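No lab work stands behind these numbers, since they all come straight from the coordinates. It should be emphasised that the depicted structure is a prediction, and the values quoted were computed from it without experimental measurement. For neighbour counting, all protein chains shown are included, and Cβ atoms are generated from backbone atoms with ideal geometry for every residue, glycine included.
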Amino acid sequence: MPTDLIVPQVGESITEVQIGRWLKNEGDAVKKDEPLVEIETDKVTLELPAPADGSITKITHQQGDDANVGDVIGTFEEGAAGNATSPKKEESAKPKAEQSEASDSTTTKPAAAHAAAGSTATTVMPAAQRALDEHGLNAGDVPATGPGGRLLKEDVLNYVKNPPAQSNGSAPKPKTEPSEASDSSGAGPRATRAVPMTPLRKRIAQNLVHAQQTAALLTTFNECDMTEVMALRAKYNAVANKKTGQGLYEMKHGTKLGFMSFFVKAACDALQEFPAINAEVDGDTIVYKDYCDVGIAIGGGKGLVVPVLRNAESMSFADVEIKIADYAGKARDNKIQLDDLTGGTFTITNGGVYGSLLSTPIVNPPQSGVLGMHGIVRRPIAVNPGTPQEAIEIRPMMYLALTYDHRVVDGREAVTFLKRICDTIEDPTRLLLEA
């Protein structure tokens, strides 16, 4: 019995999605709960599972197509045997596939199939045709790998990325307009590519512009000496088990001790002392929060995401490191859930891992503050200034930046807040003594 594949509800505020990769093709046999297609939203990437054992009989929305929640993006046949590998069954299925695409004749074109395939014609899917037009290619140039000889968008993108060599040893080049072929100085090709923004990138752009337009953003800077934190980190990450290569901390907690846990705990300490930076503007009121849900900016497969550490003020160093490692794995595999990203009262971002020396982070609305960490650089500084022990030493130093909403936070509070974090990082025993 045919079943419609429908875009599910992915969040109360999300109505539009973008179709990602189809993990199964038309006719492929699948098991119940096996993922069929990736669905991308402006926050997360989800997988639509198979409702039962069977196969996909029709795909109506290709990768890159937009769809609304509740839209039918394909048809599933429960109990169907699935796609066989014999050429006869593939040929018998081809007329039906061509008939199902007849309604799309205004947006698809017949094209010559790849010479090695031995067939005379194929069907170009709508997304593939847009990709062909974008790169100036003919359908006959690209080998089709889809079911029934269909030309898919992935075929075009793979062809552009790895064009096959021609008989004379040169690779074919996409056609370009004469004005794009070269400049007047003969410097060579100057082609351009137009790539649609992903839902996640659209949401990031909207949030950043909204923050700049609605909040009174100001950034204050300070620097902190990382000597003590680095010494603690090196001590407890020291290899104690030569057989496994695990350090003291990793043997006990299953994860290494990083810098982020120190800054999360230092930020929670400072937020509790300066609650305005943990607040948000709601119309004509200011909402103060007595808990610290700290968002950690993580670069994922689809872009930057900010999962939240709930009640970070009550988490241990190990809890913070384990949770961040878990989020990093999810972000890398595009498995972050919507609940992981919602809320957050304060954000920490670490540009230092990418080599940043100094930057001005942007507040994540409706929050009122964001802490920017940067690279650790060894440079000469004055130690014990104004005392008989004053000296110049080479120390590992990090610049910190705090961007805050001046509507809620005064300059004195912001500067003192950042200074409190620096003092705590330079003397981390204060976190234990709550001094």
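Going from the fewest other Cβ atoms within 10 Å to the most, the residues R430, R395 appear in the order R430, R395.
When the chain is fully extended, how far beyond the present Cα-Cα distance does L357 get from Q206, taking 0.36 nm per residue of separation?
51.7 nm
Taking 24 Å as the cut-off for C-alpha to C-alpha distance, list the pairs among K24/K330; K153/K202; K242/K335 that go past it.
Table pairs above 24 Å Cα-Cα are K242/K335.
Here the 3J(HN,Hα) profile of region 239-245, calculated from phi with Karplus coefficients 6.51, -1.76 and 1.60 at θ = phi - 60°, is 5, 10, 10, 5, 6, 9, x Hz, Gly and Pro shown as x.
Charge tally around C268: other residues with Cβ under 15 Å, Lys/Arg +1 each, Asp/Glu -1 each, net -3. Where the centre of each part is set by its Cα atoms, how far does region 410-435 sit from region 230-305, in angstrom? Taking the Cα centre of region 230-305 as reference, the centre of region 410-435 is 15 Å away. What separates the Cα centres of region 328-393 and region 44-58 is a distance of 40 Å.
Ranked by how many other Cβ atoms sit within 10 Å of their own Cβ, fewest first, the residues M260, M230 fall in the order M230, M260. Simple rule: put +1 on each Lys or Arg Cβ and -1 on each Asp or Glu Cβ in region 15-69, find the dipole, and look at W22, V37, P51; the Cα lying farthest toward the positive end is P51. Taking Cβ atoms as reference points and 15 Å as the exclusive limit, the residues near P143 contribute a net charge of 0, counting Lys and Arg as +1 and Asp and Glu as -1. Database remark: amide H of A240 closer than 5 angstrom to the amide H of Q246, G247, L248 (H placed geometrically; neighbours at sequence offset of 5 or more, or on other chains; Pro and chain starts carry no H).
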